[in-house]
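Written out below as structure tokens is the structure these notes cover.
The values are calculated or read from the model by the stated rules, or taken from the named source; none is laboratory data. Since this is a predicted model, take the numbers as computed values, not measurements. So basically every Cβ, Gly included, is an ideal-geometry build from the backbone, and we count neighbours across all protein chains shown. Side chains are part of the model used for accessible areas, which takes the heavy atoms of the whole protein and leaves out ligands, DNA and RNA. Shrake-Rupley method; radii C 1.70, N 1.55, O 1.52, S 1.80 Å.
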Amino acid sequence: MTPAALSAVLLSVPLVSAPYDLLARLVGLWSDGLGWVGERLGIEMLDYVFMHHAFLVGALIAVMAPLIGTFLVHRQLALIGDALAHTAFAGVAVGLFVNSLLGTGISPYVTAIVVAVIAALAIELISETTDAYNDVSMAIVLSTGFALGAVLISLNSGGLAVGINQYLFGNLSTVSRENAVLLVVLFAVVALVVTVTYKQLLYVTFDETAARVAGVNVPWYNRLMTTLTALVVVGAMQIMGVILVAAMLVVPVAAAAQLARGFREALLASVVLAQIAVLVGITLSFRYNTTAGGTIVLVAVAVYVAAVLAGKVQSRRVGDETPERADGAESSTSD
Amino acid sequence: MSGSHTGDGDGPLVEARDLTFGYAASPVVEDVDLRVERGEYVGIVGPNGSGKSTLLRLLLGLHEADSGSAELLGHPARAFAERERVGYVAQDVTEDEKRMPITVSEVVLMGRFPHAGFGRVTAADREHAREALRTVGIEHLADRKITALSGGQRQRTYIARALAGEAELLVLDEPTVGVDAESVDAFFDLLDGLVADGLTVLLVEHDIGAVIEHASRVVCLNREVYFDGDPTAFAESDALDRAYGTNVRREEGGIVT
């Protein structure tokens, strides 16, 4: 079974099944709630159902992106998010292509998940066999994904015109109830997996060798981490767009690292900062009719700059706690 | 894998037989036999590139040997499962290229992770971690960011992590690299105390003087074992010269570079 056919099955089942109905009803309740709040407080943007969905999707992204991003950034793997986003774009193109070829109605986001997860495992395979994550293979995966997407879409439409801006830059107004449900599911999977494997992921992130000595199956957790990244990237792509989605994995995490002392503290801080960026970003994007992904990223970068400044002030205030560096200690060559 | 006849109780914690490992053609470690009994304090010395770290990694099961066998607490090292019984302090602990925000107590608590598995970290786990911090004398630093510590303090943090896991065997790979002289002295005093309390220590160290002074046994390695025995005997022997090749003598065994 091809990935596309598989995803057609995947999609057709939940659409008619009870869990989907339940989640759709929950999304509906959220929407009603926000609508009520908007009416009470006279907030115009809350008159629109797509904005309810956008805020829901945004808030979920702002939890799972920094959650995964914290593990990635502190392993110096920030680029993986970017590479997977571009392969997810290929997945979108596959979905659109198959739909126009066979006349099916598969959501391009579902094919994006399938293709991105396959790419994630491929990246892991490459890094396991070459014993390193290297820039070059990552760059190759990134450009292959994007090139494949571009070619498929141009094949499809006889030109690169049809509605790909939505995928490249994200779009608030196209967030449907189905998309919101998909995101709730992705969120649940990511949150559950990270909760269960938090200790192992932390150990691998902090000290891979010691983790191996401690019996952690490092390759397995690396694969898990990359797969989760693929899920997050596809989920966030909807409003962030392919090009900017990786920013949500990186910028709030970098900001939190300026402020936090501990890892758990850094995780929490990155989620809070990401929430600020998303909520403010979506609001500004609606108000000034700007692209959502770009606006959110600019707000996130502003938050990052503020965090850097706050971090500087903080470290000056606790000047007596500055590192007591062991100087004159060049590290010797290793065996 | 060769059959293990030793049980867990009184058998050696580490046993290597004819251990050979090499990248490409030339072996980095060749025909090494090494047996570490419970309560020993073994220092491995040798010139740079002599295969010391590689030997440790083989003994810990991080590499597959080309030939020979390595056993850890009576089990083949590669398949060894009771990982909490071994603590490892890596070579680069004192470098802080990584600016990851994490506190001392969070690092030490990792020692409990093999015990906790997928379960929650319990109050008892936290108490073990606190106790370990007290043992190495840095409980006042528990809430500090690890990157804000000196090399010596950081090294103690990693030892505390091994102690928190109730390790029986502590394996250290050049732990004094990047640590100031005063902290190095304090570090060896700490190790002496831990050994006196029954911990088994396997240490790779470039400071030969410190090893001779503190360890109960010296292994001198340069690809092969040049010496294995009492520190005083080692100091009086010519093994050092042969292994390091400062005075090139070819008559008795071994190719000297």
Subset of the range A:265-294 that is among the polar types (S, T, N, Q) and touching a residue at least 12 places away in the same chain (Cβ under 8 Å) - its residue that is farthest from A:D47 (Cα to Cα):
A:S270
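Suppose the filter is open to solvent by less than 20 Å² (accessible area, probe 1.4 Å) and among the polar types (S, T, N, Q); does B:T103 pass it? Please lay out each step first, then the result.
Working: open to solvent by less than 20 Å² (accessible area, probe 1.4 Å): yes; among the polar types (S, T, N, Q): yes.
Yes.
Within the range B:70-79, is even one residue within 7 Å of chain A (Cβ to nearest Cβ) and surrounded by fewer than 18 Cβ atoms within 10 Å (Cβ to Cβ)? Before the answer, list the steps.
Taking the range B:70-79 first, the residues within 7 Å of chain A (Cβ to nearest Cβ) are none.
Looking for residues that are within 7 Å of chain A (Cβ to nearest Cβ) and surrounded by fewer than 18 Cβ atoms within 10 Å (Cβ to Cβ), one finds none in the range B:70-79, hence no.
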Filter the range A:185-217 down to the residues that are hydroxyl-bearing (S, T, Y) and without any contact (Cβ under 8 Å) to a residue 24 or more places away in the chain, then identify the one that is least open to solvent (accessible area, probe 1.4 Å).
A:Y203
Is there a residue being among the small types (G, A, S) and touching a Gly at 6+ places or on another chain (Cβ under 7 Å) anywhere in the range A:231-253?
yes
Counting only residues that are away from chain A (no Cβ under 14 Å) and part of a loop (DSSP other than H, G, I, E, B), how many does the range B:199-215 have?
2
Count of the range B:21-42 residues which are over 21 Å from A:T209 (Cα atoms) and either assigned to a strand (DSSP E or B) or modelled with pLDDT under 90 (or both):
13
Could you look through the range A:155-183, keep only residues that are more than 20 Å from A:D82 (Cβ to Cβ), part of a helix (DSSP H, G or I) and open to solvent by 40 Å² or more (accessible area, probe 1.4 Å), and pick out the one that is modelled with the lowest pLDDT?
A:S157
With respect to B:V195, determine if the residue is assigned to a strand (DSSP E or B) and either more than 30 Å from B:G68 (Cα to Cα) or hydrophobic (A, V, I, L, M, F, W, C) (or both).
no
Note down all Cβ pairs under 8 Å where the first residue falls in the range B:58-70 and is in contact (Cβ under 8 Å) with a residue 24 or more places away in the chain and of a type outside the set (G, A, S), the second is open to solvent by 30 Å² or more (accessible area, probe 1.4 Å) and assigned to a strand (DSSP E or B), and they're at least six residues apart or on different chains.
B:D66/B:P27
Name the residue that is most open to solvent (accessible area, probe 1.4 Å), counting only residues in the range B:205-248 that are closer than 21 Å to B:D31 by Cα and modelled with pLDDT under 85.
B:Y244
Considering (1) buried (at least 22 other Cβ atoms within 10 Å of the Cβ); (2) hydrophobic (A, V, I, L, M, F, W, C); (3) more than 8 Å from chain A (Cβ to nearest Cβ), say which one B:V86 fails and leave the rest.
(3)
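Within the range A:25-45, identify whether any single residue is of a type in the set (F, W, Y) and modelled with pLDDT of 90 or more, and answer yes or no. Steps first, answer last, please.
From the range A:25-45, those of a type in the set (F, W, Y) are A:30, A:36; that's our starting set.
Adding the requirement that they be modelled with pLDDT of 90 or more leaves A:30, A:36.
Yes, the range A:25-45 contains a residue that is of a type in the set (F, W, Y) and modelled with pLDDT of 90 or more.
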Only helices (runs of 4 or more DSSP H) wholly contained in the range B:108-180 count here; list those with 3 or more residues that are surrounded by 19 or more Cβ atoms within 10 Å (Cβ to Cβ).
B:123-136, B:151-164
Please find, among B:G151, B:G165, B:G117, the residue that is within 23 Å of B:V42 (Cβ to Cβ) and within 9 Å of another protein chain (Cβ to nearest Cβ).
B:G165
For the range A:251-264, pairs from a residue that is touching a residue at least 24 places away in the same chain (Cβ under 8 Å) to a residue that is of a type in the set (F, W, Y) and open to solvent by 30 Å² or more (accessible area, probe 1.4 Å), with Cβ under 6 Å and 6 or more apart or across chains, are A:V251/A:Y304; A:A254/A:Y304; A:A255/A:Y304
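Can you confirm whether B:R144 is of a type in the set (D, E, K, R) and closer than 14 Å to B:A186 by Cβ? Write out each step before concluding.
Numbers: of a type in the set (D, E, K, R): yes; closer than 14 Å to B:A186 by Cβ: no.
Considered against the rule, which asks whether it is of a type in the set (D, E, K, R) and closer than 14 Å to B:A186 by Cβ, B:R144 comes out as no.
Do the conditions hold for A:D82, that is, is it among the charged types (D, E, K, R), surrounded by fewer than 24 Cβ atoms within 10 Å (Cβ to Cβ) and modelled with pLDDT of 90 or more?
Working: among the charged types (D, E, K, R): yes; surrounded by fewer than 24 Cβ atoms within 10 Å (Cβ to Cβ): yes; modelled with pLDDT of 90 or more: yes.
So A:D82 passes the test.
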In the range B:181-198, is there at least one residue being more than 13 Å from chain A (Cβ to nearest Cβ) and out of contact with any helix residue (DSSP H, G or I) (no Cβ under 9 Å at 6 or more places or on another chain)?
yes
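Can you confirm whether B:V136 is out of contact with any Pro (no Cβ under 6 Å at 6 or more places or on another chain), more than 10 Å from chain A (Cβ to nearest Cβ), under 22 Å from B:D230 (Cβ atoms) and among the aliphatic types (A, V, I, L, M)? First the steps, then the outcome.
Working: out of contact with any Pro (no Cβ under 6 Å at 6 or more places or on another chain): yes; more than 10 Å from chain A (Cβ to nearest Cβ): yes; under 22 Å from B:D230 (Cβ atoms): no; among the aliphatic types (A, V, I, L, M): yes.
Answer is no for this residue.
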